[in-house]
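Let me begin by presenting the structure, written as structure tokens, before commenting on it.
The values are calculated or read from the model by the stated rules, or taken from the named source; none is laboratory data. Being a predicted model, the structure only gives us computed values, none of them experimental. Cβ sites come from the backbone with ideal geometry, for glycine too, and all protein chains shown count toward neighbours. All accessible areas refer to the heavy atoms of the entire protein, side chains included, with ligands and DNA or RNA removed. Shrake-Rupley method; radii C 1.70, N 1.55, O 1.52, S 1.80 Å.
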Amino acid sequence: MHESYTSKTNGHPREQDMNTTDGATQTKRSVTTPRIQKSWFELPAPIRQLFDTFPLITYDENLLPQRTSIPRTQTTLHIFTPGDQANRTRLSPNPACLRWQAYLLINKLPFSIVSANNHASPSGALPFILPATKSRRDPQPQAISSAKIQRWAITQGAKEEVLDVRSDAYMALIDQNIRNAWLYNLYLQDENFEAVAKKLYIRSASSNSLVQMSLAYQLRAAAKDELLRTRTFIDAPEIYDLAEAAFRSLSTLLADEKFFTKTESPGLFDVALFAYTHPLLDLASSGDGQDLEWRDKSLLQILMRHEKLVEHRERVLKQCLDG
Amino acid sequence: MAVLELHIYGPAFNLPSIDARCLATIALIQSNLASDDWCLVPSSDPVINAFRELPALKDGALWVTGFRNIASYLKVYGDWQNATAELSEQQAADSEAYLSFLESRGIPLLDLSLYVSSDNYTTCTRSALAEITPWPQSWTIPQQLRDDARKRSEHLGLSGLDVDAIREKELKQENEGIAAQIPKSLRRPKQTVTALLGSTAEQTRFRLEAVTADFFEPLEELLGEKKYFLSDEMTALDCLVLGILAQMQIADLPQPWLKHALEKKYPKLSVWTKENTEKHFGPATNLRHRPLAERSWTKLAFDVFNSITDSIPINIAGAQVRKHSTETKSTKNRADYEQKHMFHVKACRQQSLMREIVVSILSSAGLVGTLLYVGVLSLPQKKPPPTRRNFGEAGALLGLR
């Protein structure tokens, strides 16, 4: 050790070596004296030593999950669904996912469902589609994000529909008024958050209570941010008033027609509304053994006052389950 | 009855306000109240009310903010001849839908044009804002409005208009690595493909065209051959359309894509806007202004304090969220507005109290720290342990230690 030390400091203490009679003991002393800290930002030695021991173990790379043995020759829609046994007609409780699931169902396109979460998506948001490949050997195709699903579906044989200009404006009611009320109802209403959102999104993600707490906080903060994007304060009565007005207007628009398309089959506008009305009405009472149920039924009651929309949901649901 | 005060962002671009919703509210009140019953106050500072929002209507001690709320409050407010009451069911539905449509599609477009687009913001909007906002809010408000506008319009995917942000990113990349060693004067400007293709505004043109068409087409379809958008009477919807379109027709912007799209492709809308802008905001209309009161130095000091402490993020959980009561009412009365106002006043007061507490704790900690550092104060030092009496050898001999 001594050898290596002198060789390292070769040339530096030469003068000292020549002048002192026992240069060896001199250098030895300089080894044992603690190094003088050069700058304020340098870590103290004990902490440096501690960090030098990390990483203790480096694990091998994870293998690809074995259960994703979905045949690549089938189109898969990645959405949020509770539970593992995903059935294509088992409807997602998440409006963004349900819209496209229902859209594919009513257009009778072949696809299978994969239960996923936001982290699995290339764009960071669900849903997305992995199109089928001709054979198992083909390279994996690009994922299709939700904004492009309609265009993709039309190439696959879905009927092309042009929204008339007026329903483009009515779409703002769904994307704005009803969505905001839904966000408030699910995430910011404490009782509903405990009874529904926690069971749907948080318990399924992790069993660790610390992780659950931070996830819950993140979800609520995201919902709050989204609501505060267009307003300076959150006022629940105002949000619900706007939702009420939206349901009333949509009910007037539907009039006595079966669907908003004014034909015998529903279209994109129908599923866009269905994506909110279905989860609202589905959790009206805990029927299917999941004990998910709205505790605070304010928004549900607002919807129930518009019977035409409740009936409309029944009709779209039937079409979906047939699909 | 007291005179109603309408507080707004001040005038700019030959219009009575720089903000579309404020313009809409002016048109709304103007077409429904006699000019003696109300006046305009160009205060340009949202902090004056507990909601921290403009436009704001002040009726005695009660504040009502936001275009929609003011519209529904006016129905409650006394003898207003309510035009929306005469709407048919279909018209009421259209009105609701298009109001949401304007707010979710129209306002973000204006945000893009006036705030996000760097050219327009630096040459026009910023100087206009600086003129109307009082000091010291003129430091904070323009930047805050721009940040809000960015947030509202980011979903349109046109952040490419914000050349500042892109340039900043490029500059950061340039100043890293080997390039940083070369003196700036000797560096050759990098010729990227995007630079060769022309300015960013040109690249985003295709996307802009799609987005503007999405907004203008439904409006033009609704207007049709009618005098106004719903019927031959002016309604709340027309006011909001007017506010937004009037702002879109501002002249002299360096990037006038919005004005061009409106004038070239939708002449019917353009003509309608010009006529009504002249009628409602033109020089012929005499809007009664109440001049701003001179600010006392205490108010000025308070404003300075506020603009400094506003940046401290204090959020009492839930303070900003008013819960929904289970009872449902179909019509609102004045008491509802008062209740809502009271709630937000209380929340606001709580928040400012918290802020004051934090600021006073921090400043007193700073003061004590400085005094300690300077040496005016000193920590009570431990007394040196009393030295034992030592009796020396004799003591040891006697057992005294």
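In whole angstrom, how long is each semi-axis of the equivalent ellipsoid of the range A:167-322, when you take the square root of 5 times every eigenvalue of its Cα gyration tensor and sort them from largest down?
Working: eigenvalues 159, 74, 35 Å².
With the √(5λ) rule applied to the range A:167-322, the semi-axes are 28, 19, 13 Å.
Sorted by average packing, counted as other Cβ atoms within 10 angstrom per residue and highest first, what order do B:371-378, A:109-116, A:50-57 take?
The most tightly packed comes first, giving A:109-116, B:371-378, A:50-57.
Multiply the residue separation of A:T263 and A:T89 by 0.36 nm, subtract the distance between their alpha-carbon atoms, and state the gained length in nm to one decimal.
On the way: separation 174, 0.36 × 174 = 62.64 nm, distance 2.30 nm.
Fully extending the segment from A:T263 to A:T89 adds 60.3 nm.
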Ordering A:S206, B:S118 by accessible area with a probe of 1.4 Å, largest first, what comes out?
A:S206, B:S118
The relative contact order of the range A:76-155, taking Cα pairs under 8 Å that sit 6 or more residues apart, comes to a percentage of 33 percent
Packing-based ranking, highest mean first, of A:228-238, B:281-291 given that Cβ atoms within 10 Å are counted:
A:228-238, B:281-291
So what J values fall out for the range B:289-304 if you push phi through Karplus, 6.51 cos²θ - 1.76 cosθ + 1.60 with θ = phi - 60°, rounded to Hz, Gly and Pro as x?
9, 9, x, 5, 5, 4, 8, 6, 5, 5, 5, 5, 4, 4, 4, 4
Rounded to the nearest 100 Å², what is the buried accessible area between A and B, both sides summed, probe 1.4 Å?
3000 Å²
Between A:V310 and A:R151, with labels modelled 7 Å along Cα→Cβ, what's the label distance in nm to one decimal, could you check?
4.1 nm
For residues of B:98-109, the mean tally of beta carbons on other chains within 10 Å:
5
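Tell me, what is the FRET efficiency for A:S112 and B:K323 to the nearest 0.05, using R0 = 60 angstrom and their Cβ-Cβ distance as r? Intermediate results must be reported in sequence, preceding the final value.
On the way: r = 42 Å, r/R0 = 0.70.
Efficiency at R0 = 60 Å is approximately 0.90.
Hand me the trypsin sites (Lys or Arg not before Pro) from the range A:238-323 located in a DSSP loop with no more than 15 other Cβ atoms within 10 Å, in residue order please. It would help to have the intermediate numbers written out before the result.
On the way: sites: A:R248, A:K258, A:K262, A:R295, A:K297, A:R305, A:K308, A:R313, A:R315, A:K318; in loops: A:K258, A:K262, A:R295, A:K297, A:R305.
Filter output for the range A:238-323: A:K262, A:R295, A:R305.
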What FRET efficiency comes out for the pair B:N306/A:K134, r = Cβ-Cβ distance, R0 = 45 Å, nearest 0.05?
0.10
When 1/r is averaged over all different Cα pairs and the result inverted, which Kirkwood radius in Å belongs to the range A:76-155?
12.8 Å
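Please give the length that would be gained between B:V345 and B:K268 if that part of the chain were fully extended, namely 0.36 nm times their separation in residues minus their C-alpha to C-alpha distance (nm, one decimal).
Working: separation 77, 0.36 × 77 = 27.72 nm, distance 4.46 nm.
Gain on stretching B:V345 to B:K268: 23.3 nm.
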Test item: A:236-243 mean partner chain Cβ contacts at 10 Å
5
Where the centre of each part is set by its Cα atoms, how far does the range A:169-208 sit from the range B:89-120, in angstrom?
25 Å
Taking 30 Å as the cut-off for C-alpha to C-alpha distance, list the pairs among A:K258/B:K259; B:K279/B:K332; A:K148/A:K258; A:K297/A:K318; A:K108/A:K134 that go past it.
A:K258/B:K259; B:K279/B:K332
Eligible aspartates and glutamates near B:K268 by straight Cα distance, threshold 14 Å, same-chain separation 8 or greater
B:E217, B:E220, B:E221, B:E225
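If we sort A:272-279, A:191-198 on the protection proxy, mean other Cβ atoms within 10 Å, highest first, what's the order?
Values: A:272-279: 24.2, A:191-198: 18.4.
Packing proxy ranking, top to bottom: A:272-279, A:191-198.
Give me a single rounded figure for A:186-194: the average over its residues of other chain Cβ atoms within 10 Å of their Cβ. Could you put the intermediate results ahead of the total?
On the way: counts 0, 0, 4, 3, 3, 0, 0, 0, 0.
Per-residue shielding by partner chains comes out at 1.
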